[in-house]
Structure formats: C-alpha cells, structure tokens
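Peer 1: My structure is below; once you've seen it, I'll send some questions.
Read-outs throughout are calculated quantities, based only on the coordinates presented, and are distinct from any laboratory measurement. What you see is a predicted model; the values in this text were computed from it and never measured. Cβ coordinates were reconstructed from backbone atoms using ideal geometry, including for glycine residues, and neighbour counts include every protein chain displayed.
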Amino acid sequence: MKNFKRILSVVLCVCLLTTSSIGFAYAEDATSGAPTRVSVVVNGDTSSSRGFCWYTAQQADTKIEFEGVDASAYTVKDVVCEEWEGNFMHKLVVTGLEAGVTYTYRVGDGENWSDWGTFTTDNGDDKVSFINIADVQASDYEGFMKGADTLTAAFATLPGADFVSNCGDFTNDSTNEEWDAYDKAFAALNRTYTLAPVSGNHDGLGVEYWFNNMFALDTSESVQVKDGVNYSYDYGNAHFAVLNTNDLLSISYAQLKWLENDMNSTDKDWKIVFFHKAPYSLGKDAKWPDALYLQKSLTKVLDECNVDMAFYGHDHQYIRTKPLTDNKIDENGTTYVLSGTAGGKRYEVRPFLKNHFLDEDFIDRIVIQREGVGFEKEEYIGGCFEAVEINGDTLTLKTYIVNDATGETILVDEYSVTKKLGENKATFDGDNTTSELEYILGVVPSFLGLAVYALGEWLPEFLSLVPELLYSVIKYDVF
C-alpha cells in the first residue's frame, strides 16, 4: 500500500507540474453549483475517518461519494450546511473507513460534484511521513501560486507523504476574495492529500470563526473556536497536537492544561506539536511579548511531556534549534523548527535580537530566504518546506528551498534523531474537555501571566536592546 501511495503521488505531482491550468479552471466556476474550497482534514481516528469541508454559492445538499465503495461501507455524520459570509459552508465527517486504503472521493449535492480527489488512511505501522509548510499569507493569485509551487515541489520530493501540516497564515486578511484566490492556486493539490491545518494570527485575530469555518476539524476538545482550533491525532507511532496561539493573544492556561493532558494520554513513541507564533526566532515579530511568552509558558509543558519536536511559523524564515529543555541545550530536549515561508513574503534576520531573546548558541541551522541582513553569506532565495519521515526509532527532517529563479529544489538542512522505543506511558485517561465556565474563569489569570511576563521580563530586555535596534534601523533599515 505504501508503494501504491508513492506511485499515485508521483503521477499526481507530474500532472500538477505539467498542467498549470487545473487549479484555475476549478475555482473559476465559483458562481455555479460546483463545490469550491474543498479540503480533507484529520478528524478523529486517522485510520478510519476524515473531515470534509467545501463551499457553494447557493444553498444545496451536502453529500459525498467514494468511487467503487458502497455507501453502506462507511458512516456520514456531523453534516452541516449554513451560510457564511455570503456563501454556503458544507461540512461532514466520514467514519468506518478501512485502514491503509487509498480512497477516491467527490463532494457535492448529488448533481453538481467536485472533481475527484484522493486520500489514504493510516495503515497503523511504525512509519509515517509528512510535509510541513507555513505562512503562504498571500493576497492575490500570483502570491498563492508561489505557495502552491512550493507544495508541488514538496510532493515531488516526498511522494506518498501521509499528510501535510500547514503552520498557519493561509491568507493575509481571510476575505472571500483571498480564499477564492487560494482555492484557484491550491484546488488541484488540496484534493490529493489530508491536511492538518494550524490557525495563524492572520487566520484568527480580527477575522473570527473564519478558520473553523474553512475546515471540518474535530472541535470536541478545543478550548474555544473563535480564533482557531486546538486538536490532536495519532498517525503511525506518533502523536500530534495542534495548538492555537491566537488564544488570548498567545495561549491560555486552559489550552496549556489541555496540551499537558493530551500529551500524557498517549503511549505513542513520538510526540510532535504544531502551532503558529514563534518562541525562538530572529524575525521581525521575535521582539514582541505575545510570541516570546511561549518561551516561558508553552515550552515548560513541552519539557514536562517529553515532546520531541515542535514546528511553527509566523516569522517567515527558517531556523532549527538544538534540542532544548528549560531554555537550555539538552540532547534529550525538544527541537524547535521555525518552518520558513512557503510563499513570497520573507523576513530578514534581525541581528540585534541575537543573544537577547534568542541565544545564538541555541541555533543549529539558519537559512536566509531573501537578500538582506543575515548571519551567513549563504542565501537561498525561494519558498521553504520540510519533509519529515519517521521510521520506527528514527525521525529524519529534511528542509528544502525551491529556488525562485530556477525552480530547483535545494536541500538546505538535514537532521535526524534516534530514540529508544516503548518508553512513553499514558498517565492521563480523564475528560480533557474545557467547559465554558472553566475557560472564562481562566481568562484573567491567563492575561495576568502574559502581563507579568511582558512587564517583568520582556520590557527590561527590550529596553536593553534599543541601542542595537536603532543601529539596525539606521544602517540596514531593518526594524
């Protein structure tokens, strides 16, 4: 089945690379009855279920069918059709699928259907592979195509990837126009894989409910859904948690407790976390307290729960840290990966941040994605993606840049870690939902935690770097 997936993925990638009009033709039909913005996401047991979301211009039935599979062989639940921002959002969840099977599906109203798409359920072995991208954050079709080209190159590099994680900021302003442009660029790609989406600040702050209304995620344990969703899932011998760092501007105590319980509820060998805002970075947002607070709050939970690797975005550059525990280098700690940007909006390194909010010794690899100020002369101008493979006791991370000028896919970082299997034990089996009352009662303490950090730790450090910041502004025009 793994070989079949790889062959299928290669064929699909060749089609995408040679047929640039596929996505365009699909999204141009937005005013007809045909579904647009189709997505397939993790939802529940990855070996037997998926969540589907799409949009139509008019109210219509919400249906799905699988090629060559009788409707009695699976269950459709949580069916939704409701108006959202002038269009109609459709959601449903399919359960009862077979493990390790590649399904061909389409969604629609029974007469007007999407094009056929595919996904493959988890076969339950100890091998899992995924592609990670972040921060396409475009406003127009050309900008989204940069991200789509990066993802197309990623599938050509890692054919048969089990899923794609996107660490947030899908669009710049979360408007209908931008999501339609995103769909025009990504539609054909999005029909060929399972997505694990992460809410970025551009997906949640000031654009409430957009993120949750674009994806049919399992929100049963999410502490709230207004500006993002937190959820988790297993794949192979790994457990994944997705966080919402828009939650009370950074992360709430309720979500931190959810994460602690979630990570302590699994005996999977590998623990990986995805989120958006960047605790370790040298980008333009790496000087503000909302992201930096995660160094104090979130990393403490990751340390206690023995998380192996964390992927995040927000600052549009690539940095991989050495393994860290308690903000110190520790070979048994968590490796943090600032994912770079798959799109065209890229940030210079801010040299004045070095050894203020990020100890230079923590950095194992940094890649410059644009011309500008950096720590090394080597520059790779293009979109970035990570290809991650877990094979039993070994995790391998490879990071690539897709060169803007040549289209060449260049390996810019390679890292692997091997661990002893069977050491993670489940220590929590209780209810991990958060009541509305519990969340409300935690709002003030959560804000106080952020405020105390901002005034007591962040502000003095920020003031100490002001002379270097001013020098950077004067010499490099970089703030």
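Peer 1: For the range 168-274, which chymotrypsin sites (Phe, Trp or Tyr not before Pro) are in a loop by DSSP, counting at most 15 other Cβ atoms within 10 Å?
Peer 2: Listed in order of number, the matching sites are Y209.
Peer 1: For the range 31-124, report the translational diffusion coefficient in µm²/s to the nearest whole number, using Stokes-Einstein at 20 °C, 1.002 mPa s, and a Kirkwood Rh over Cα pairs.
Peer 2: Taking Rh from Cα pairs, D becomes 160 µm²/s.
Peer 1: For a Förster distance of 22 Å, can you work out the FRET efficiency between the beta-carbons of N355 and I474, rounded to the nearest 0.05?
Peer 2: Between N355 and I474 the formula returns 0.60.
Peer 1: Sticking with this structure for a sec: Any idea which of V229, Y347, A71 is furthest toward the positive side of the dipole for the chain, if Lys and Arg beta-carbons carry +1 and Asp and Glu beta-carbons -1?
Peer 2: Farthest along the dipole direction, towards plus: Y347.
Peer 1: On to the next question. Please report how far the C-alpha centroid of the range 133-153 lies from that of the range 404-464, rounded to the nearest whole angstrom.
Peer 2: One Cα centre to the other: 25 Å.
Peer 1: What number, in percent, do you get for the relative contact order of the range 324-456 if the mean sequence gap of Cα pairs under 8 Å and at least 6 apart is divided by its residue count?
Peer 2: It comes to 15 percent, rounded to a whole number.
Peer 1: Next question, about the same structure. Would you mind calculating the relative contact order of the chain from Cα pairs under 8 angstrom and at least 6 residues apart, reporting the percent as a whole number?
Peer 2: In percent, rounded to a whole number, it is 14.
Peer 1: Same structure, new question: Can you list the residues, at least 5 places off or on another chain, whose amide H is less than 5 Å from the amide H of R365, using H built in the peptide plane?
Peer 2: Counting only residues 5 or more places away or on other chains, the set is R320.
Peer 1: Another question about this same structure. Put a dot 7 Å past each Cα toward the Cβ at D115 and A99; how far apart are the dots in nm?
Peer 2: For the pair A99/D115, the computed spacing is 3.3 nm.
Peer 1: Moving on to the next point. If the reach is capped at under 15 angstrom between alpha carbons, list the aspartates and glutamates near K271, excluding any in the same chain fewer than eight residues apart.
Peer 2: Straight-line reach from K271, under 15 Å: D126, D234, E260, D262, D303, E304, D308, E389, D393, E423.
Peer 1: Next question, about the same structure. Roughly what would the spin-label model give for L463 and D326, points 7 Å off Cα along C-beta, in nm?
Peer 2: Placing both labels 7 Å beyond Cα along the Cβ direction yields 2.9 nm.
Peer 1: Still on this structure, I have one more. Dividing the Cα convex hull volume of the chain by residue count, how many Å³ per residue is that?
Peer 2: 137
Peer 1: Let me ask something else about it. When only alpha-carbon atoms count, how far does the range 157-252 stretch along each of its three principal axes, as whole angstroms with the largest first?
Peer 2: That works out to 37, 34, 21 Å along the principal axes.
Peer 1: Can you give the net charge of the other residues whose Cβ lies under 11 Å from the Cβ of R350, counting K and R as +1 and D and E as -1?
Peer 2: Overall, the nearby charge balance is -1.
Peer 1: In angstroms, what radius of gyration and Dmax does the range 300-410 have, counting Cα atoms only?
Peer 2: Every Cα atom of the range 300-410 included, Rg and Dmax give 14.7, 44 Å.
Peer 1: If you build the convex hull over the alpha carbons only and average its shadow over all orientations, what do you get for the range 394-479? Give it in nm² to one decimal.
Peer 2: 12.8
Peer 1: Another question, then. Name the GluC sites (Glu not before Pro) in the range 61-157 that are in a loop by DSSP and that have at most 16 other C-beta atoms within 10 Å, would you?
Peer 2: Passing sites in the range 61-157 are E67, E85, E98, E111.
Peer 1: How much of the pair distance distribution for the range 436-476 lies past 17 Å, counting alpha-carbon pairs only, in percent?
Peer 2: 54
Peer 1: Whole percent per 10 Å bin, from 0 to the bin with the longest distance: what is P(r) over all C-alpha pairs of the range 222-342?
Peer 2: P(r) for the range 222-342, in whole percents per bin: 14, 48, 34, 4.
Peer 1: Taking 0.36 nm per residue of sequence separation and subtracting the Cα-Cα distance, how much length would be gained by fully extending the chain between D431 and N306, in nm to one decimal?
Peer 2: Extending this stretch completely gives an extra 42.9 nm.
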